[in-house]
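For reference, the structure discussed in these notes is given below.
The values are calculated or read from the model by the stated rules, or taken from the named source; none is laboratory data. Source: prediction; values computed, not measured. Cβ sites come from the backbone with ideal geometry, for glycine too, and all protein chains shown count toward neighbours.
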């Protein structure tokens, strides 16, 4: 029989092994959860009745209106990827910044930020800009590593700029408002764009031949023709941004309603650019169905794993492990970000969010860390999952559409400086929380200079001591005031969460 203290570590290790083998994550989560659930029941660590919570938890996922916004934003990005908007903006911005060294790189970064604010998906930004700007950069002598790196990096800005799908998922997993998560991401998004532009500026001074200015004969648009081309791309984009983000921030729409309006706006933009067709709509719906099904299957597998993991006191094991780290809250944040950074080599952001975040959130709450700030910090870190050589999805998208003359080694080596810039942003957020919280209507809870962590010494197992901090009746961790805040914008929240938690508490009180 496996000792109780080893159940949680072995369960987590088994999950890692399954994922390293390459077995689908959703099925790995469910298989590990059910297998260890059988072992735990057979060993007497909890009753079979605990697993009766599974149907209610799955129903809670299906009834969660917040998650309904994911297919809307995915469909919007799929339509905008093919509607011609990126071409107009890139052509206008390229002509505007063309006379400056690195002008095309600046144009790609700015257009990437704008596309990020209206699409919310990395694939749309990377593919569109690679197909349009990469051949032009190659034609005018741009260094290949710089050209591929800036395209991939500007596409991943989408992960942090609202209405990012990452922020929606993080808000759901942390039980926080999507509106607050979006507002908190504004400052870091701006800083990231400035970091990218500053890097291009420094590189244009150090290596001017790596990014030459466009010759005069290439500047075909001037005066009003240039400004009208820029406005033709910018004005519809700004209107769509207001439809999606403005209505959320003003409290006029929930994230799901804003996503629905964004989807309609994307169809209108496609019609304006004379790209709307049944083929376009079918491709958009097919892409949306595939991504949404993947998210739901991972969520169902995750809830099976999490229920059994909590049943064998895995949440307490994680909590004790992380609160015992040297350095208090700063040590916890450094470890978590390094851990997520390493996981990003192998997992995408959906998998990290559904597996790791539910284990980290209770510890962050106990340490007094603001969960909105914590979510934005992890969102900034998880951007690197799209840029990590050799498994970054942005690099795969770029490789798929880049000309044959572009070497894969150029794409991989070109991504590394931009990954470093993304980690610099993570460090800035750790030591400057106000960059996130200044956009919120509440004070920051985390201050590295003031928080002290004291872990009470304990030589006995949770079963022998009653586990300080756990409820005397149920054996679960005592909730903090923030832990129950699951509201989202305009009243949207995960349906059935409170009922599930109460049901699990009652069942776990019957442990043998």
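Answer yes if at least one residue in region 409-422 is touching a residue at least 60 places away in the same chain (Cβ under 8 Å), assigned to a helix (DSSP H, G or I) and over 14 Å from residue 147 (Cα atoms), and no otherwise. Yes, some residue in region 409-422 is touching a residue at least 60 places away in the same chain (Cβ under 8 Å), assigned to a helix (DSSP H, G or I) and over 14 Å from residue 147 (Cα atoms). Checked against (1) in contact with a helix residue (DSSP H, G or I) (Cβ under 8 Å, 6 or more places away or on another chain); (2) more than 19 Å from residue 116 (Cα to Cα); (3) in a helix (DSSP H, G or I), residue 237 passes all but condition (2).
This table checks each residue for (1) modelled with pLDDT of 80 or more; (2) within 30 Å of residue 245 (Cα to Cα); (3) surrounded by 17 or more Cβ atoms within 10 Å (Cβ to Cβ).
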position	(1), (2), (3)
9	yes, no, no
17	yes, no, no
22	no, no, no
25	no, no, yes
41	yes, no, yes
54	yes, no, yes
59	yes, yes, no
73	yes, yes, yes
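When the helices (runs of 4 or more DSSP H) confined to region 309-386 are screened for residues that are touching a strand residue (DSSP E or B) at 6+ places or on another chain (Cβ under 6 Å), none reaches at least 2 such residues. When residue 142 is tested against the conditions (1) in a helix (DSSP H, G or I); (2) over 22 Å from residue 263 (Cβ atoms); (3) at pLDDT 80 or above; (4) touching a helix residue (DSSP H, G or I) at 6+ places or on another chain (Cβ under 8 Å), the lone failure is (1).
Checking the structure you have, find out if any residue of region 110-130 is modelled with pLDDT under 75, more than 23 Å from residue 186 (Cβ to Cβ) and either outside any helix (DSSP H, G or I) or over 26 Å from the mean Cα position of the chain (by Cα) (or both). No, every residue in region 110-130 fails to be modelled with pLDDT under 75, more than 23 Å from residue 186 (Cβ to Cβ) and either outside any helix (DSSP H, G or I) or over 26 Å from the mean Cα position of the chain (by Cα) (or both). Going through (1) surrounded by 24 or more Cβ atoms within 10 Å (Cβ to Cβ); (2) at pLDDT 85 or above one by one, residue 200 falls short only on (1). The listed residues are 311, 284, and the only one of them that is surrounded by 17 or more Cβ atoms within 10 Å (Cβ to Cβ), farther than 30 Å from residue 51 by Cβ and touching a residue at least 40 places away in the same chain (Cβ under 8 Å) turns out to be 284. Considering the conditions (1) surrounded by 12 or more Cβ atoms within 10 Å (Cβ to Cβ); (2) more than 30 Å from residue 137 (Cβ to Cβ); (3) within 24 Å of the chain's Cα centre (by Cα), residue 251 is excluded by exactly one of them, (1). The condition of being within 21 Å of residue 173 (Cα to Cα) and surrounded by fewer than 20 Cβ atoms within 10 Å (Cβ to Cβ) holds for only one of 360, 333, 338, that being 338. Cβ-Cβ contacts under 7 Å between residues 6 or more apart (or on different chains), taken from a first residue in region 81-94 that is on the phi > 0 side of the Ramachandran plot to a second residue that is at pLDDT 70 or above and not in a helix (DSSP H, G or I), are listed as 84/273; 84/275. Selection over region 207-226 of residues that are in a helix (DSSP H, G or I), at pLDDT 75 or above and under 15 Å from residue 96 (Cβ atoms) gives a count of 0. The residue list 410, 370, 348 contains one member that is at pLDDT below 75 and either within 23 Å of the chain's Cα centre (by Cα) or over 29 Å from residue 10 (Cβ atoms) (or both), which is 348. For region 23-87, the helices (runs of 4 or more DSSP H) that sit wholly inside it and include 3 or more residues that are closer than 30 Å to residue 114 by Cβ are 69-80. Annotation for region 289-306: no member residue is part of a helix (DSSP H, G or I), over 19 Å from the mean Cα position of the chain (by Cα), over 25 Å from residue 385 (Cβ atoms) and modelled with pLDDT under 85.
Are any of the residues in region 168-176 out of contact with any strand residue (DSSP E or B) (no Cβ under 9 Å at 6 or more places or on another chain), part of a loop (DSSP other than H, G, I, E, B) and within 16 Å of residue 93 (Cα to Cα)? There is no residue in region 168-176 that is out of contact with any strand residue (DSSP E or B) (no Cβ under 9 Å at 6 or more places or on another chain), part of a loop (DSSP other than H, G, I, E, B) and within 16 Å of residue 93 (Cα to Cα).
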